[in-house]
1. What number of residues within segment 59-85 satisfy the criterion of being over 21 Å from Tyr20 (Cα atoms), outside any helix (DSSP H, G or I) and at pLDDT 95 or above?
2. Pairs needed: first member in segment 6-23, of a type in the set (S, T, N, Q); second member anywhere, in a helix (DSSP H, G or I); C-beta distance under 7 Å; at least 6 residues apart or different chains.
3. Mind listing whichever residues of segment 41-73 are surrounded by 15 or more Cβ atoms within 10 Å (Cβ to Cβ) and of a type in the set (Val, Ile, Thr)?
Amino acid sequence: MRLPVIKHIHEFIKEHDQDYIIEAVEVLEHITESEAIKDEELDVLGEMLSNMQGALEVRELIKQGKTEKEALNIFMKRVTGSIDR
């Protein structure tokens, strides 16, 4: 996951609507099920899916009353914490 990418996707959500991202996630998940996808492509799709899901989680934290900065920090601490386990 890359924080700059998550921020960029979140900007898109703010300007448009999170439904676009939700639908894009569904499409990308469907593509990952194809047997024609190579491992390298699957890695890229997985990274994009992680970033998109991260942006959606940040959006949810903001809806709960957090500032954007707080939401990003909370999300990244959670991600780092799960990696450290």
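1. Matching residues across segment 59-85 total 3.
2. Close Cβ pairs satisfying both conditions: Gln18/Leu56; Gln18/Arg59.
3. Val58, Ile62, listed by residue number.
The values are calculated or read from the model by the stated rules, or taken from the named source; none is laboratory data. The structure presented is a predicted model; accordingly, all values stated were derived computationally and were not measured. Cβ coordinates were reconstructed from backbone atoms using ideal geometry, including for glycine residues, and neighbour counts include every protein chain displayed.
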